[in-house]
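So the structure is just underneath, and the comments pick up after that.
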Amino acid sequence: MISIIMGSSSDLKVMQGAIDVIKEFGVEHEVDIVSAHRTPIKMVEFAQNARKRGVQVIIAGAGGAAHLPGMVASCTSLPVIGVPVKSSNSIDGWDSVLSILQMPNGVPVATVALNASQNAGLLALQIIGSADVEMAKALDNYKEKLKEKVAKMSQEVRA
């Protein structure tokens, strides 16, 4: 199972890309609002109990100071993927990117590009696929379709 969390419902528009791609692959998932600043006890309990609930990978989206991915990673040994969100109080998204990217040694957080939750979803699926042959095959098929899509675009542009 993949858990998708975000600091606020205003992040849902960005995080929908991860939700959609995970649904496309038919993987069980959960979605919740978990704020590192406004609900820190919920955040700690979420992270500490995630593995017990069957979570394999956590995707955490956050804007502004963007502490959620790192703080969750500090409370679990599960892989955490951070999605920096360009929010209304953001410094063009750079504050979120740097907050998630600049983690200290010992507390890794995989970081995708600003607002790139679809890539976070795909990375979570690839993590699962590293030990699940059927998921790996489904991801190989997905990548093959991407190649076909680009080949079609190439033909259209040259026509």
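FYI, it's all coordinate maths here, none of it is from the lab. Just so it is clear, the structure is predicted and the values come from calculations on it, not from any experiment. Methodologically, a virtual Cβ is constructed for each residue, glycine included, from the backbone with ideal geometry; neighbour enumeration extends over all protein chains shown.
Numbers at a glance
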quantity: Ordering of 67-73, 113-119 by burial proxy (mean other Cβ atoms within 10 Å per residue, highest first); calculated: 67-73, 113-119
quantity: Sum of side-chain charges, Glu144 neighbourhood, beta-carbon under 14 Å (Lys, Arg +1; Asp, Glu -1); calculated: +4
quantity: Candidates per GluC sites (Glu not before Pro) in the range 1-65, loop by DSSP, up to 16 other Cβ within 10 Å; calculated: Glu28
quantity: Mean Kyte hydropathy of -1.0 or more with a Cα span along the axis of at least 15 Å, helices from DSSP in the chain; calculated: 12-24, 117-129, 133-158
quantity: Cut-off 14 Å, label 7 Å out along Cα→Cβ of Ala131, residues of the range 69-109 by amide N; calculated: 77-80
quantity: Expected 222 nm ellipticity per residue - DSSP helices of 4 or more, -39500 (n - 2.57), all of the chain, to 500; calculated: -15000 deg cm²/dmol
quantity: Cross-link partners of Lys137 among lysines (Cα-Cα below 25 Å; sequence separation of 8 or more within a chain); calculated: Lys23, Lys145, Lys147, Lys149, Lys152
quantity: Size of electric dipole in the chain: Cβ of Lys, Arg +1 and of Asp, Glu -1, about Cα centre, debye, nearest 20; calculated: 80 debye
quantity: Fewest-first ranking of Met103, Met153, using other Cβ atoms within 10 Å as the exposure measure; calculated: Met153, Met103
quantity: Rounded if a/c under 1.5, otherwise prolate or oblate - the chain, Cα gyration tensor axes; calculated: oblate
quantity: Most mobile listed residue (Thr76, Thr111, Thr39) in the chain, GNM with C-alpha springs under 10 Å; calculated: Thr39
